[in-house]
Amino acid sequence: MIDRSFFIDSCDDVELNIKRSSKLEYRISYDETKPIRAIFVIVGGFGSSADTRMLDFTRRQFALRFGVLAMNVFYHGFCCRVSSEEAYSAKYSIEKEDVENIKKVLAKLNLPYHSNLPHNAYYFLLEDMMKKQKEAGLYTQNAFLKGLSYTILPTNDEYQNYLLMPALDHINALKHLFKTHGGGGGKLPIIYAGGCYGSQIAHLIAKIAPHYTQGVIDVACAVLPRKQMFMRTAEGEFYFYTQHLEISCHTKSFWTPHNFSKAAFSIRNLLELKHLQIQSELSKDCIFVSYHSQKDEFKTADEKERLYKTYVDLGFDASLHLVKDKNDIDGKLIRGLKHDGISNERVFKKELPLILEKLEGKDFQREEKSLSFPSDDKIYHFKDTKDKYELKITPL
C-alpha cells in the first residue's frame with residue numbers, strides 16, 4: 001500500500017479578490033501491485049477533519065478492496081470543526097458580531113455591558129445567572145438562554161468560501177496528481193463520493209469540469225445553496241449547548257447579503273437549467289447515483305428529485321434512490337428517515353463497484369477545456385491551463 005501526501009499551490013478567491021496564503025493538502029493511497037481501475041475521490045463534508053486518522057483508514061480500505069487510487073483533498077475551509085489534531089482543528093472565537101449579540105442579550109435582561117470585562121466572561125456570568133434563576137423557579141429546568149453566538153475560525157487563516165474554491169481545489173489536486181504520476185492517471189475515470197456538503201462539492205465539480213467527472217455518488221446533499229452555511233443569518237450553522245445556554249455557531253466568512261451576487265448564487269445552484277445544459281453539451285459521461293430521504297428535515301427532497309429528473313432528460317445515467325418511509329429502513333444502509341439516516345460508507349461500497357463495472361475498459365482522454373456559465377450580471381469562465389483549472393469572472 002502506497003500512501004502519499006502533497007502540499008501544492010491552488011486557487012485564490014477570485015470572487016472576493018482575496019489572495020490565498022495557505023497550501024492545499026491532498027492524500028492518496030493505492031496498491032502498487034495491482035492495476036488501478038479508477039481514481040476514487042472521497043469528498044469530506046463538514047466535520048470530516050475531526051479525525052484525519054479515520055479518513056486515512058477509510059481511504060486505504062477502498063484502495064485495497066476495489067483496486068482504485070483513493071484520494072482525500074483537504075480543500076479550502078475543510079478544517080472548520082474542532083479536531084483532536086491541533087494542525088487540523090478550528091477554534092471557537094468571539095468576534096465583533098458575537099460581541100453585538102452579547103450586548104443584545106444583556107439589553108433584553110436589563111443587564112449592563114462593561115467594555116473592560118473580557119467577552120468570554122459574559123458567557124460564564126449568564127450561565128451562572130440562568131442556573132440561579134432556574135433554582136428560583138423563574139425558568140423551567142430544560143430552558144436555554146438563546147441569542148449568544150460563536151465564530152468558528154478554520155485553520156491556516158481560511159474561511160468559508162462555500163463550494164466553489166473547494167471544487168477548484170479538487171480539480172487542481174487531480175491535475176497535480178496527473179503531472180507527478182507521468183500523466184497516466186489522466187486517462188482513468190474519476191469518481192467522487194460524499195455525503196451532504198461533500199457531495200454538493202462533487203456535483204459542482206461535475207458541473208464546472210465535466211471532463212474530470214465520470215461518476216458521482218451522493219448521500220443527502222442539498223441542491224441549492226443554504227445561506228446559513230456560509231454567511232451570518234438569524235439561523236446558526238449549528239448550535240453549541242452548555243447546561244443553560246444555546247450558542248449559535250457560524251464559520252468565518254466574508255459573504256454577506258450585499259456581496260453574494262446573483263451570479264455567486266447561480267454558479268452554486270445545481271438546478272440552474274442553462275448551466276446544466278452547458279455541462280451536458282461538453283460531456284454526458286458522468287454516472288450520477290443519489291440516496292436521499294423524502295423526510296429529510298431540511299426539506300430538500302423535492303429539489304433533489306427535480307435535479308435527477310433533469311439529469312435524465314439531458315441524457316445522463318442518473319439514479320435517485322428516495323427513502324420514503326420506515327419500510328425502507330434496514331438498519332444498515334438506511335438507518336433512519338432524517339438527514340443523517342443513510343450510511344455514507346455503505347452506499348459507497350454498494351455503488352462504487354457498479355459504476356466501475358459500467359466504466360470498465362473505457363479510456364478518458366482529457367484535453368484542455370474551457371466552459372463559460374452566464375448569469376444575470378456576470379459570466380464565470382473556467383479554463384484548463386497547463387497546471388491549474390482557473391476561474392475568471394467578467395461582466396455580462
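The values are calculated or read from the model by the stated rules, or taken from the named source; none is laboratory data. No experiment lies behind these values; they were computed from the predicted model shown. Don't worry about glycine lacking a Cβ; one is built from the backbone with ideal geometry, like all the others, and counts go over all protein chains shown. The protein model used for the area step is the full one, side chains on, heavy atoms only, and it has no ligands, DNA or RNA in it. Shrake-Rupley method; radii C 1.70, N 1.55, O 1.52, S 1.80 Å.
Here are some notes:
- Members of the stretch 313-328 found to be surrounded by 14 or more Cβ atoms within 10 Å (Cβ to Cβ), of a type outside the set (F, W, Y), at pLDDT 95 or above and not in a strand (DSSP E or B), listed by number: L314
- The stretch 344-354 - residue that is in contact (Cβ under 8 Å) with a residue 24 or more places away in the chain and either closer than 22 Å to Q294 by Cα or assigned to a loop (DSSP other than H, G, I, E, B) (or both) and, of those, farthest from the chain's Cα centre (by Cα): E351
- Residue ranges of strands (runs of 3 or more DSSP E) in the stretch 64-156 with at least 1 members closer than 30 Å to F40 by Cβ, at pLDDT 95 or above and among the small types (G, A, S): 69-74
- Restricting attention to the stretch 74-111, the residues that are in contact with a Leu (Cβ under 7 Å, 6 or more places away or on another chain) and among the aliphatic types (A, V, I, L, M) add up to 3.
- When each of R27, R20, R59, R37 is tested for being surrounded by fewer than 23 Cβ atoms within 10 Å (Cβ to Cβ), among the charged types (D, E, K, R) and within 18 Å of the chain's Cα centre (by Cα), the lone residue that passes is R27.
- Scanning the stretch 39-63 for residues that are free of Cβ contacts under 8 Å to residues at least 60 places away in the same chain and in a loop (DSSP other than H, G, I, E, B) returns G47, D51.
- Pairs where the first residue, in the stretch 227-248, is farther than 11 Å from K146 by Cβ and the second is at pLDDT below 95 and of a type in the set (A, V, I, L, M), C-beta under 9 Å, 6+ apart: Q228/A234
- Sole residue being over 30 Å from the mean Cα position of the chain (by Cα) and either open to solvent by 20 Å² or more (accessible area, probe 1.4 Å) or β-branched (V, I, T) (or both), chosen from T151, T140, T180, T155: T140
- Test result for F373, at pLDDT 95 or above and either of a type in the set (F, W, Y) or over 26 Å from D218 (Cα atoms) (or both): yes
- Residues in the stretch 329-346 that are over 20 Å from F66 (Cβ atoms), of a type outside the set (K, R) and open to solvent by 50 Å² or more (accessible area, probe 1.4 Å): I329, D330, G331, D340.
- Top-ranked residue of the stretch 231-251 - restricted to ones that are part of a loop (DSSP other than H, G, I, E, B) and open to solvent by 70 Å² or more (accessible area, probe 1.4 Å), ranked as modelled with the lowest pLDDT: A234
- Only one entry in E97, E32 is in contact (Cβ under 8 Å) with a residue 60 or more places away in the chain and touching a strand residue (DSSP E or B) at 6+ places or on another chain (Cβ under 9 Å), namely E97.
Each row is one residue, and each column tells you yes or no for (1) buried (at least 21 other Cβ atoms within 10 Å of the Cβ); (2) within 10 Å of the chain's Cα centre (by Cα); (3) modelled with pLDDT of 95 or more.
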site: N161; (1), (2), (3): yes, no, yes
site: L164; (1), (2), (3): yes, yes, yes
site: H176; (1), (2), (3): no, no, yes
site: Q200; (1), (2), (3): yes, yes, yes
site: H203; (1), (2), (3): yes, no, yes
site: I208; (1), (2), (3): yes, no, yes
site: V216; (1), (2), (3): yes, no, yes
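- When A206, A202, A220 are checked against the criterion of being out of contact with any Asp or Glu (no Cβ under 7 Å at 6 or more places or on another chain) and either of a type outside the set (F, W, Y) or at positive phi (or both), a single residue qualifies: A206.
- Restricting the stretch 355-396 to residues that are touching a residue at least 24 places away in the same chain (Cβ under 8 Å) and in a helix (DSSP H, G or I), the residue that is most open to solvent (accessible area, probe 1.4 Å): K358
- Residue that is under 25 Å from F348 (Cα atoms), of a type in the set (A, V, I, L, M) and open to solvent by 30 Å² or more (accessible area, probe 1.4 Å), where the choices are M71, M54: M54
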